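Please read the structure below before turning to the comments.
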Amino acid sequence: MDSEAQRRMAALLHHRAAHLAPGEPVALPIISSSTFHSPDGPDLSHVYGRTSMPTWEALEAQLALLEGAPCVAFPSGMAAISAALVAGLAAGKRLVLPADGYYVGRALAHQILARYGVEVQELPTAAYENADFTGAALVLVETPSNPHLDVCDLRRVADRAHAAGALVVADNTTMTPLLQRPLDLGADVVVAADTKAPAGHSDTLFGHVASRDTAFLNRVRDERRLTGAVPGSFEAWLVHRGLETLEVRLARMCATAQLIAGRLAAHPAVRNVRYPGLPNDPSHATARQQMTGFGFLVGFELPDAAAAERFLSTCPLIAETTSFGSTHTSGERRIRWGDAVPEGFIRLSVGIEPAEPLWAAIAAALAR
Ligand SMILES: *Cc1c(COP(=O)(O)O)cnc(C)c1O
């Protein structure tokens, strides 16, 4: 993490305490009230729970420190992505989205947005840098892509998309603002699933939209109020708590991922290891220049489905679950979700376990 990410993290840790009046709790209270005392009069900051809620607002302020931009919180990553896409599109407009990105985004585009007249175009992440975005209204970019971990140059993509008059929305879930800052690289909007590393303990779904474009973010906030896709206060509280340890967890996760990726690449049973931190990975050069860490996701192949299933089920330190970014290492065969990967392709999400016991368990399972 670079000095700017470190500065943002330090500010986050002291943000609440700096604003406390004597006698107020140091920990964030969970306020869960559908309605607020609201006699006639000006400046009612809270009236009804679908419009605003002190607990989300406290979290949005913390997220804003990390993003360097105002944020609107949502009950899941997909709720945040839907709100941003709806705010930036209309009937007859074209959406460009990654062919190799998070598969639920593609399903949303084809199954719902297309019904309202949005034209949907898929493009592989590796082709974004040299794409012609003429005719596009909104370009959704996800780098590294998921699960291939291909990387594209965000600055270049944003310049090309802006030249075509398109809005650039970056899904930054795999990186978090501590490892990559798309808004500083030219993106107009960031969307993210805080379900993953920011909450970090597999105990809640959450998401947010961040943007320095005030008019756009106001549209997103209005959509939240009108569609009713509002987060719960307890879930916001869990993310608020998770953010406090995000930097230390990421530091461990990235360091261990680098070590495990290197050892997997040298292992005779393993093929096609993908990790942007490996010097010979196709993503490495661009990753070095625009990311402030290489992340905690590692992709690799075992010979076939049976070998991959055997590996996953015999390794006691890999939880067999989907999703990523939690405290525990997890892994799965991504083909089960329809991703265009070989049968034996595994996506590993490295957790915060001490590295050597984790590698010992992986090496033992590979030896079987
Ligand atoms: C998980 C994920 C999402 C969706 O988040 P949910 O909280 O599950 O709705 C979106 N984008 C990416 C890249 C993800 O990994």
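The values are calculated or read from the model by the stated rules, or taken from the named source; none is laboratory data. Since the model is a prediction, treat every value here as computed from it, not as a measurement. Neighbour counts are summed over all protein chains in view; Cβ atoms, including those assigned to glycine, are modelled from backbone coordinates with ideal geometry. Surface areas here come from the heavy atoms of the whole protein model, side chains and all, with no ligands, DNA or RNA. Shrake-Rupley method; radii C 1.70, N 1.55, O 1.52, S 1.80 Å.
Annotation: of all residues in region 1-26 being over 25 Å from the mean Cα position of the chain (by Cα) and surrounded by 10 or more Cβ atoms within 10 Å (Cβ to Cβ), the one that is modelled with the lowest pLDDT is 19. Among the residues of region 185-204, what is the count of those that are touching a His at 6+ places or on another chain (Cβ under 8 Å) and within 18 Å of residue 353 (Cβ to Cβ)? Residues that pass the stated criteria total 1. A Cβ distance below 8 Å, combined with a sequence gap of six or more or placement on separate chains, defines the contacts here; from region 234-251, residues that are over 15 Å from residue 10 (Cα atoms) and in the same structural domain as residue 206 (by TED's automatic domain parsing) reach residues that are open to solvent by less than 60 Å² (accessible area, probe 1.4 Å) and aromatic (Phe, Trp, Tyr) in the pairs 235/206; 236/56; 236/206; 238/206; 239/206. Could you tell me whether residue 59 is in a helix (DSSP H, G or I), within 11 Å of the ligand (Cβ to nearest atom) and more than 15 Å from the chain's Cα centre (by Cα)? Here the answer is no, as residue 59 does not meet what is asked. Of the residues 81, 30, the single one that is touching a residue at least 24 places away in the same chain (Cβ under 8 Å), more than 18 Å from residue 172 (Cα to Cα) and among the β-branched types (Val, Ile, Thr) is 30. Go over the candidates 256, 204, 174 one by one and state the one that is in the same structural domain as residue 305 (by TED's automatic domain parsing), touching an Asp or Glu at 6+ places or on another chain (Cβ under 8 Å) and β-branched (Val, Ile, Thr). Exactly one of 256, 204, 174 is in the same structural domain as residue 305 (by TED's automatic domain parsing), touching an Asp or Glu at 6+ places or on another chain (Cβ under 8 Å) and β-branched (Val, Ile, Thr), namely 256. Residue count for region 107-145, restricted to those that are polar (S, T, N, Q) and touching an Asp or Glu at 6+ places or on another chain (Cβ under 8 Å): 3. Yes or no: region 266-279 includes at least one residue that is under 24 Å from the mean Cα position of the chain (by Cα), farther than 14 Å from residue 149 by Cα and open to solvent by less than 30 Å² (accessible area, probe 1.4 Å). Checking region 266-279: not a single residue is under 24 Å from the mean Cα position of the chain (by Cα), farther than 14 Å from residue 149 by Cα and open to solvent by less than 30 Å² (accessible area, probe 1.4 Å).
Surrounded by fewer than 20 Cβ atoms within 10 Å (Cβ to Cβ), within 30 Å of residue 234 (Cβ to Cβ) and of a type in the set (A, V, I, L, M), is that true of residue 64? Taking the combined requirement at face value, the residue satisfies it.
Results for (1) surrounded by fewer than 24 Cβ atoms within 10 Å (Cβ to Cβ); (2) in contact with a strand residue (DSSP E or B) (Cβ under 9 Å, 6 or more places away or on another chain), shown as yes or no for each residue.
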{"position": "119", "(1), (2)": "yes, yes"}
{"position": "124", "(1), (2)": "yes, yes"}
{"position": "130", "(1), (2)": "yes, no"}
{"position": "140", "(1), (2)": "no, yes"}
{"position": "144", "(1), (2)": "no, yes"}
{"position": "149", "(1), (2)": "no, yes"}
{"position": "153", "(1), (2)": "yes, no"}
{"position": "156", "(1), (2)": "yes, no"}
{"position": "160", "(1), (2)": "yes, yes"}
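All of 134, 143, 125 fail the test of being under 15 Å from the mean Cα position of the chain (by Cα) and in the same structural domain as residue 196 (by TED's automatic domain parsing), apart from 143.
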